[in-house]
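Single-structure report; data block below.
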Amino acid sequence: MGMFDTVYCEYPLPDARHQALDFQTKNLECALDTYTITQDGRLVRRARRGWGAEAVLDRDIEGPLHGDIRIYTSVKSEEPSWVEYVVRFTHGCVEWIRPLAEVQKDPDLPSPDLDLSLEPYSTARTFEVEAQPRPATPETGEGAAPTAEGALLLNLQHDRPELEKLLAECSNHWGYEDPVYRFYHQSFKVYGLQGSTQAIVQRLQALAPDRPLNPWFIQIVQAGTGKVFKSEDNARWTEATRPILEAFFHARFFLEMAVRYADLQEPPQVMPSGYAALLYLFGLR
């Protein structure tokens with residue numbers, strides 16, 4: 001079965017018969033901890049420290065969650081016996097609790113503005129970058145072929161809104177602050193950074209689709225993506241997860257530089273270090 005956490009729900013459930021049941025979930029830390037969804041819709045945790053009679057339980061810890069978790073149990077006296085709910089948290093409080101079957105039948109349920117998947121990251125998320133019409137590229141002179149650097153500058157200007165949006169997502173609480181905290185907290189949720197790294201790399205590549213990205217950068221990204229959490233990673237935590245952070249930090253750096261220098265109209269005479277790094281990323285220096 002693997003590891004799980006236990007959840008007790010004091011918040012009103014759609015079916016009152018299930019109110020006193022103890023549920024399980026694999027959408028939290030999977031550390032055999034015990035959680036309670038309080039009557040006012042908060043999630044609090046009682047974390048195990050040690051085992052057996054000597055186990056010590058921490059005081060309740062509020063969980064500032066923003067997304068969905070699934071809680072489930074089996075009731076032999078009912079048909080069907082499997083009971084499963086989706087609990088949606090919005091900024092730390094329950095927005096609603098619905099049977100899983102009801103949620104699956106309603107694909108139009110609104111999502112939170114800052115949706116954070118709380119499911120274990122077994123695979124890195126992938127993102128599609130829509131093809132956008134490109135502006136005409138500048139030329140070195142009348143009748144001359146367009147320069148690769150000039151094309152990059154125009155594409156930076158053209159894609160700036162999307163670049164800024166992605167940078168904001170990778171700089172806010174859930175996209176930056178919380179994932180780095182998860183590394184030090186030794187939480188599997190740090191594996192979710194792989195999706196952000198992939199999204200950034202795809203957006204950067206779209207700036208110059210005909211040019212390969214810097215091989216050192218690609219090596220760093222490959223080392224920090226495509227990872228699947230395994231329980232044995234806990235015994236080699238920094239070895240297993242530091243490449244994930246390193247890949248994200250490098251990708252985010254180039255994304256930030258792309259936004260910073262997106263207003264350049266022509267190659268600068270005095271080259272800033274961040275802009276020079278961008279040229280190295282695309283093999284233009």
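Restricting attention to the stretch 202-221, the residues that are exposed (fewer than 12 other Cβ atoms within 10 Å of the Cβ) and under 23 Å from the mean Cα position of the chain (by Cα) total 1. Of the residues screened, HIS158 is not one that is within 17 Å of the chain's Cα centre (by Cα) and either not small (Gly, Ala, Ser) or not in a loop (DSSP other than H, G, I, E, B) (or both).
Contact map, the stretch 232-246: residues that are not assigned by TED's automatic domain parsing to the domain that holds VAL190 paired with residues that are at pLDDT below 95, Cβ distance under 6 Å, separation 6+ or inter-chain. No pairs are found. Residues of the stretch 156-188 that are among the hydroxyl-bearing types (Ser, Thr, Tyr) and farther than 14 Å from ALA199 by Cβ: TYR181, TYR184, SER187. The residues of the stretch 177-201 that are closer than 17 Å to PHE253 by Cα and surrounded by 17 or more Cβ atoms within 10 Å (Cβ to Cβ), listed by number, are PRO179, LEU193, GLN194, GLY195, SER196, THR197, GLN198, ALA199, ILE200, VAL201.
Among the residues of the stretch 256-277, those that are outside any helix (DSSP H, G or I) and of a type outside the set (A, V, I, L, M) comprise TYR261, ASP263, GLN265, GLU266, PRO267, PRO268, GLN269, PRO272.
Among the residues of the stretch 43-95, not one is of a type in the set (A, V, I, L, M), in contact with a helix residue (DSSP H, G or I) (Cβ under 9 Å, 6 or more places away or on another chain) and at pLDDT below 75. In the stretch 264-285, the residues that are closer than 15 Å to ALA151 by Cα and in contact (Cβ under 8 Å) with a residue 12 or more places away in the chain reach residues that are loosely packed, with under 14 Cβ neighbours inside 10 Å and not aliphatic (A, V, I, L, M) with C-beta atoms within less than 6 angstrom, at least six apart or across chains, in these pairs: LEU279/ARG285.
Residues are listed down the side, and each one gets a yes or a no for (1) at negative phi; (2) among the aliphatic types (A, V, I, L, M); (3) part of a helix (DSSP H, G or I):
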position: VAL180; (1), (2), (3): yes, yes, yes
position: LYS189; (1), (2), (3): yes, no, yes
position: ILE200; (1), (2), (3): yes, yes, yes
position: PRO209; (1), (2), (3): yes, no, no
position: ASP233; (1), (2), (3): yes, no, yes
position: THR241; (1), (2), (3): yes, no, yes
position: LEU245; (1), (2), (3): yes, yes, yes
position: ALA251; (1), (2), (3): yes, yes, yes
position: LEU279; (1), (2), (3): yes, yes, yes
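Let me confirm something: among PHE229, PHE217, which residue is of a type outside the set (Asp, Glu) and in contact with a His (Cβ under 7 Å, 6 or more places away or on another chain)? Exactly one of PHE229, PHE217 is of a type outside the set (Asp, Glu) and in contact with a His (Cβ under 7 Å, 6 or more places away or on another chain), namely PHE217. Residue count for the stretch 1-23, restricted to those that are at pLDDT 90 or above and either buried (at least 19 other Cβ atoms within 10 Å of the Cβ) or of a type in the set (Phe, Trp, Tyr) (or both): 6.
The values are calculated or read from the model by the stated rules, or taken from the named source; none is laboratory data. Fair warning: this is a prediction, and the values are worked out from it, not measured in the lab. Virtual Cβ from ideal backbone geometry, glycine too; neighbours counted across all protein chains shown.
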